Structures are given as C-alpha cells and as structure tokens.
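Below is one structure, written out as structure tokens; the observations come after it.
The values are calculated or read from the model by the stated rules, or taken from the named source; none is laboratory data. It should be emphasised that the depicted structure is a prediction, and the values quoted were computed from it without experimental measurement. All Cβ positions, glycine included, derive from the backbone under ideal geometry; neighbour counts span all protein chains shown. For accessibility, only protein heavy atoms count, side chains too; no ligands or nucleic acids. Shrake-Rupley method; radii C 1.70, N 1.55, O 1.52, S 1.80 Å.
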Amino acid sequence: MAVLRDCLSGLNPEQKEAVLHIEGPLLVLAGAGTGKTRFITSRIAYMIEQGVPPDQIAGMTFTNKAAAEMRERVAAMVPGSAAEKVTLGTFHSFCARILRRDVGYAGNYNSNYSILDESDQTGIIKQASAELGFGKDEIPAKEAAAFIGRCKNQMLFPADVKAGQGDAFLAIYERYQLILELQNALDFDDLLLLTLKIFREHPECLARYQDRYRYLLVDEYQDTNAAQLKLLQYLTQYRQNICVVGDDDQSIYAWRGADVGNILNFPTYFPGAKEIKLEQNYRSTNNILRAANSVIARNGARFDKSLWSNKGDGEELKLALLDDGDAEADFVVNMMEHIISANPDCTYRDFAVLYRSNYLSRVLEQTFRAHGIRPRIIGGQEFFQRKEVKDAVAYLKLVVNKRDDQSLLRVIGVPPRGIGDKAIMRLRTLRKAASAPMQELLTEDEFASSVTKSAANSASTLAQTIRKARESFATPGGLADKVADYLEDVGYLNGFLKIYRDTKEAESRRENVFEFINSISYFEHNAPPGSEPMTLADWLEKFSLMDDSDRTEEDPDDERNAPVFSTVHAAKGLEFPIVFVIGMEEGLFPHERAVEESSRGVEEERRLFYVAITRAREQLILTLARKRYKYGDFELHKPSRFLQDLPDELASRIQQADDLIPRMDESAQRAAFESVLDDLRRKMKQKGFFRSEDF
C-alpha cells in the first residue's frame, strides 16, 4: 500500500475526495493556486494502484509542458513503466494519434499527411482565392482564415454552412478544403474536425477508441471549445468515466473559440456528475485572495467559490495614481528598488509587471533599461517561426508527403537554383491538368520540354535528391544526422550566401538551422526508455503540434536577476512573489473592444483581471494614469470600472506615488550616496584594482 499512501499523503479533504472518485462523471472546480496538478497526478497514480490498466487512461491538456510535467510526477509515484503507458497530451496530439492510423476514413488522405502552419494556411487561402477569380487583395487572407476557423470550431464543413453567410468566404473555404485533400494536408483545426467526422460516420472505429480509453481526465476544461466537448462526449458515450478540472473564473480565451458554457453546463452534458470545489489556495496571502474574490463575485454566470489560504493576511494591496505613462514607468522601477532596499532577500527576479496590451511595455522597457535593468519578456520571438527554420521544415515535409505542393513551392527557389517564375507557372498549370502532385511532375517530359534546359536539370536533380533522402529516412535511427546530410545534399545548408548577400546574416541564419537540427537530436536522445527510434514523420508531427510553451524562444540569460514583463494572457499559469498590474484604466483594462462587444466581453475581461490578481503570492500593486500619449497628443483616462469591484477599503483609497515611496531629505540622500561610495571603495580595494588613495 506504499503507493496508495504516496497518492493521498498531503492532500486536503476535497482533493482526497476527488482522487477517490473514479467511476462516473466528476467536475472538479479548481480555483487559482489550489493544487490542481497535484490532484490530477495523484488521481492517475491512485487509479493505476487500484488496478486500472494505465493504457486505458487518457489525460488531455492544453500545453505539452503541462503534459510532460504530469507524466514526470506520475512516474515518481508509480513503480515501473506504468506512467509511460498513460496517454497524456494535448487535444490536438491525441487526435493526431488517431488520424495517423485512421485518417483514410475521413477522405482522400493517408498517414503521411502534412500539418499546416499559419503561413502555409495563408498561402493556400490565397491560392484558393486566385483559382476562384478573386483579385490579389480582394479577399483579405486573414479574414478568410478567421471565417474558416470559426466554421471548424463549430464543426461545420463547407456543405454545412448556410448560403448567404459570407458567400465569398464560403466559396474560398470549399476550395481550400479541396486543395488540402489534394495535397494530403490538414490544418490545425482539421485534427479535431476530421476525428469527429470519423467518429460520426464510422461507429466501428469510434467503438475501438471507446474501448481503448475508458477513463478520461481533462485539465483546464474551461478552455475547451465545441469540438473538444463533442470529442469527449463521443469517447465517454457509454461509460461516462470522465473527470474534468477547471475554473470558470479563469476562462479567458473566447477569442480562440473557448466556450465557458462547457464548464458551466457540465452537469447537463454529463448527467449525474459529482461536483467538488477546491478552494484552499497554496499560493497567495488572504489580502490578495479577498481582492480576487471581491472582483470575480461581480460576474453573473459562474460557480460560487471563495478562495482562502493558511498564509495569513500578508501585505496590504497598493493602488497608485500617476500623472501619465512615463510617470507610471518611473514609479514601477522606483517602487521595485524601494522594496528591494527594504528587504535584503528580495531581488528583481521576484517581480512581474503585467499589462492587458503589449504596447504598454514600450515605455516600461525604455525606463528600465535607462536604470540598467534588462527585463525578461515572456512571449518573445519564436525560434521555430524563423524563416530559415520553416524552410528547413518544408524540405523535410517533401520527404514524408509526396503530395505537399505548398512546401515544394516554398523552397523550390531557396536557394536559387534556376527554376524561375515561368517554370513555376508551368508547374502550376500542369498540376491543375494532371492528377499527379508537383513533386512527380518535376521529372516529367511534359514539364522538362516546356522550360529551359537549366530549369529542367535543376528540377530533376531536386526530385532525385528528395527520393534518395526518402530511402535514407526509411531506415530507423540517426535522424538528426540524416536531416543534416539531406539539407546539405539539397543545397540548403551551403546556400545561404545565395539567399542573403550579407555574410554575417547568412552565417547567422545557417547557425539557426544547425540549432534546429540540434533540437531534433535532443528529442531523439530524450525519447522514453524502450520506445521505437523516432522517424521523420514522428518528428514533423511533434514539431507541428508544438504550442506556446514549447516554441517561445528561451533567453540564454533566463536565470539572470531581472523582472518579468508579460501580458496577462501569457502569464496565466505563472506566479510571482510581487506583481504590478499597470494601466488600470477604462479602455485599457477592460479593453475598449470588449466593452463595445457585449456584457459577456466585459465579464471575460473581469476574469482576466482575476487571473492577473492571482498571479501574486505576497504583494499586489495596481497602477493607473490620468493621461497617456496617443497619436501625437495626450488623452485623458478614467479609472477602470474594475477598481470599483475591489474591497471598499482599497477601491476608495487611490494613493499618490509619493505616499507609497517615502522620499528622503537632501541630507539623507547624501548619506545614502556616501554609503554606497564607501562600499564601492572597499570592494575595489579588495580586488586590487587601484590604491584607495587614488579613488
């Protein structure tokens, strides 16, 4: 029973009750900081200890990082390799696993399908628009992509969309799907949509997965959309063994299709569901939690919850009114320095500055850098989204998927190989007339005879190199080395000077591709013990399903002593000892678009403010400005309506910066300066840099 004791030890009564409830639907309302990951992993370990076969358990999350953390924790609690047999991953990776085996049920696809990224999707939308006779800029690709995404989130294929609902967009959607099927390609939403299509139209296939996955757990359930709910309903149709963990008060992704109604109506969708609330917070002090509770209580449709903590009341919350954005930035940096000077154990790493919109960070960054502080910014440029890396991925897709015309068009001229625009137009024309993909047409006489000899030779060489690589990759093992060899053979690794005339830039881009190859090697050598060697198709799927937690570029100085700057959305799931939330003004927080849309938009903004508050462990400092510089002039601002949601003793006491940061008189300032100077003299003398009398 050692495992059982490990599973249950340290759990509070509500967590323990939820762990022990295995059969039937269960809704666990886990407020911010209430230990939901610990509960989920303890539940999985307990189920295995009770005799549930681990391969019958599936856990779905929204980030690969969360899934990896859960697997590590379960492995530490369960002996042997049982943890590796549990299916843990994102909804999209779960569906990709199903489609690799059964995608043929959904149409003219095979298991070597490509998964499009955003730029690939844009390219195909533009192709569909052109084929339908629309002018180059007549139909904005971004708006068409949004229309297609909305349809797919609502589980609507082109035939399901009523005429008159954006007829031009609908026509593009229909042609777009035809092109995808022709190229054996799926976009991100298709992973869910086609899985649902298979389950709906092939009950024998659905029954196989219902029998395989008898126990489902879902993390961050408040972020699910209509398609994800339908997937869960299909899989739990008979046994109803589903446990969802979430917090309706933290549903902040409606703009991505998330529907807070999924969690609010869980008892309706899964009748007889047991409901357990986790309200003991292990993160924040009670002053912070009282503010969070007071704010979120103003929302209408929600489960009644009230967070509490054993950590005591802690510091009072602070609310500072500044004259403008520059004064706000000065206040934040000076307040940090004041707190650090008063607390020897406190460092810049203990602080986070959160904002509703990214542009508010500009003045902050300038001010902090002027003070010699370089912040860590969450959500910087993504390494894997760089052009040279995406080009390398396109070359790899050509090996796995012969029908991927989009990838071929992306790299056929990278580096330049004498295949010009006329040759590419000829290739497009032949592709329309023929049933063969472009990759096969490269070596056809009909193409070769209609282009220059140089273009024909280059096209033939490219096709032969891809075929040779396909044979090499068919043998398992040594994936990273094979990728390097192939990218060299195809002329990519040594062709950067042809693409970028600047030697320094060419070398930098080339180094990024080598770093990309290193990432393949890392995944290859960190595969679970006993697993089969990773294939190129495995890697491409893993790459395509990377989420924000994987893709965000890591700063090499990430461990330096620096504060974090982040939007509130990007900070969800993180926590910090001391948090500043800036820009607490109408139009900024809540955002003006949300106010214009509806009361539901304002309620989501209030949930976003609740998320911001609950990132703080020890101190929370809110700031607002009377005016901000916009479009060449100052614009007067009103305090955010959310400040009125705070406890009365705080909302009615907006303080000035001078009240929060005590000012020293001139003599005290001089004494403080002399103290710093004396300390500097002492350190310099110890290091032997110069004699003290010279300084």
Cα-only radius of gyration and Dmax that characterise region 199-302, units Å: 16.5, 55
With N set to the number of residues, divide the alpha-carbon radius of gyration of region 255-370 by 2.2 N^0.38 Å and report two decimals. 1.46
Using alpha-carbon positions, what is the distance between the centroids of region 111-149 and region 445-481, in Å? 27
Mind listing the phi-derived Karplus ³J(HN,Hα) values for region 70-80, rounded to whole Hz, using 6.51, -1.76 and 1.60 with θ = phi - 60°, and x for any glycine or proline? 4, 4, 4, 5, 5, 4, 6, 9, 10, x, x
So what is Rg over Rh here for region 158-206, counting just Cα atoms and using Kirkwood for Rh? 1.04
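Can you flag which of 274/305; 162/432; 277/572 are past 22 Å Cα-Cα?
Listed pairs above 22 Å: 162/432.
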For region 94-225, max minus min Cα coordinate along each principal axis, in Å, sorted largest first? 51, 33, 27
With every protein chain in place, region 140-185: carbon and sulfur % of accessible area (1.4 Å): 57
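At most 11 other Cβ atoms within 10 Å and a DSSP loop assignment: could you name the GluC sites (Glu not before Pro) in region 404-490 that fit?
Details: sites: 440, 444, 446, 471, 488; in loops: 444.
Qualifying residues, ordered by number: none.
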Got a sec? Charge dipole of the chain, +1 on Cβ for Lys and Arg, -1 for Asp and Glu; which of 565, 176, 261 is way out at the positive end? 176
Say the dipole of the chain comes from +1 at the beta carbon of Lys and Arg and -1 at that of Asp and Glu; which of 104, 158, 513 then lies farthest toward its positive end? 104
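Using the heavy atoms of the protein chains and a 1.4 angstrom probe, tell me the accessible area per residue for the chain in square angstrom. Present the calculation step by step, with values, prior to reporting the outcome.
Details: 32440 Å² over 695 residues.
Dividing the accessible area of the chain by its residue count gives 47 Å².
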Return the ratio Rg/(2.2 N^0.38 Å) for region 373-425, where Rg is computed over Cα atoms only. 1.60
Please list, ordered by chain and number, the residues whose modelled amide H lies under 5 Å from the amide H of residue 309; skip anything fewer than 5 residues away on the same chain. 281
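Mind giving me the FRET efficiency for residue 450 and residue 138? R0 is 25 Å, r the Cβ-Cβ distance, nearest 0.05 is fine. Write out the running numbers ahead of the final one.
Working: r = 30 Å, r/R0 = 1.20.
That pair, residue 450 with residue 138, gives E of 0.25.
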Ignoring ligands, DNA and RNA, what percent of the 1.4 Å accessible area of region 198-294 is carbon and sulfur? 47
Whole angstrom only: what separates the Cα centroid of region 247-269 from the Cα centroid of region 367-428? 35
Given charges at Cβ of Lys, Arg, Asp, Glu: the chain dipole, positive-most of 601, 291, 92: 92
For the chain, find the longest principal axis of its Cα atoms and tell me its angle to the long axis of helix 453-473, 0 to 90°, nearest 10. 70
Out of every Cα-Cα pair in region 320-397, what percent are more than 14 Å apart? 71
Can you pull out the chymotrypsin sites (Phe, Trp or Tyr not before Pro) in region 200-243 whose DSSP state is coil and whose Cβ has at most 15 other Cβ atoms within 10 Å? 238
Given points 7 Å out from each Cα along the Cα-Cβ axis, report the residue 362 to residue 474 separation in nanometres with one decimal. 5.6
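Based on Cα coordinates alone, diagonalise the gyration tensor for region 583-631, multiply each eigenvalue by 5, take square roots, and list the semi-axes in whole Å, largest first. Write down the numbers at each step before the final one.
On the way: eigenvalues 84, 63, 7 Å².
Output for region 583-631: semi-axes of 20, 18, 6 Å.
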Taking the C-alpha atoms of region 1-73, how large are the radius of gyration and the largest Cα-Cα span, Dmax, in Å? 12.0, 33
Report the extension gain between residue 370 and residue 118 in nm, rounded to one decimal, defined as 0.36 nm multiplied by the number of residues separating them, less their alpha carbon distance. 87.0 nm
Against the longest principal axis of the chain, how steep is helix 286-296, in degrees 0 to 90 to the nearest 10, with axes from Cα atoms? 60
Can you work out ³J(HN,Hα) from phi for every residue in region 438-451, in order, using Karplus 6.51 cos²θ - 1.76 cosθ + 1.60 and θ = phi - 60°, giving whole Hz and x for Gly and Pro? 4, 4, 6, 5, 4, 10, 7, 4, 4, 6, 4, 6, 9, 10
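Loop only by DSSP, 13 or fewer other Cβ within 10 Å of the Cβ. Give me the trypsin sites (Lys or Arg not before Pro) in region 39-136 that pass, ordered by residue number. Don't skip to the end; give the middle numbers.
Working: sites: 43, 65, 71, 73, 85, 97, 100, 101, 126, 136; in loops: 136.
Loop-located and lightly packed - 136.
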Pseudo-spin-label distance residue 508 to residue 575, built 7 Å along Cα→Cβ, given in nm, is 3.9
Percent carbon-and-sulfur accessible area, region 37-113, ignoring ligands, DNA and RNA, probe 1.4 Å: 45
According to a simple spin-label model (label point 7 Å from Cα along Cα-to-Cβ), what is the distance in nm between residue 256 and residue 494? 4.3
Sorted largest first, extent of region 98-176 alpha carbons per principal axis (Å): 39, 26, 19
Straight-line reach from residue 453: which aspartates and glutamates fall under 19 Å, measuring Cα to Cα and dropping same-chain residues less than 8 apart? 421, 440, 444, 445
Mind pulling the angle between the C-alpha long axis of helix 599-613 and the longest principal axis of the chain? Nearest 10 degrees, somewhere in 0 to 90. 60
Of the beta bridges DSSP finds with both residues in the chain, what % are antiparallel, to the nearest 5? 15
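Quick check for me: using +1 on Lys/Arg Cβ and -1 on Asp/Glu Cβ, what's the dipole size of the chain about its Cα centre, in debye to the nearest 20?
Working: 90 positive and 106 negative charges, 249 e Å.
Charge dipole of the chain: 1200 debye, to the nearest 20.
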Residue 482: which lysines have alpha carbons under 28 Å from its alpha carbon, excluding same-chain residues fewer than 8 sequence positions away? 65, 387, 390, 397, 402, 468, 498, 504, 542
Once the mean 1/r over all distinct Cα pairs of the chain is inverted, what Kirkwood radius in angstroms do you read off? 28.6
If the only charges are +1 at each Lys and Arg Cβ and -1 at each Asp and Glu Cβ, what is the size of the charge dipole of region 64-179 around the Cα centre, to the nearest 20 debye? 440
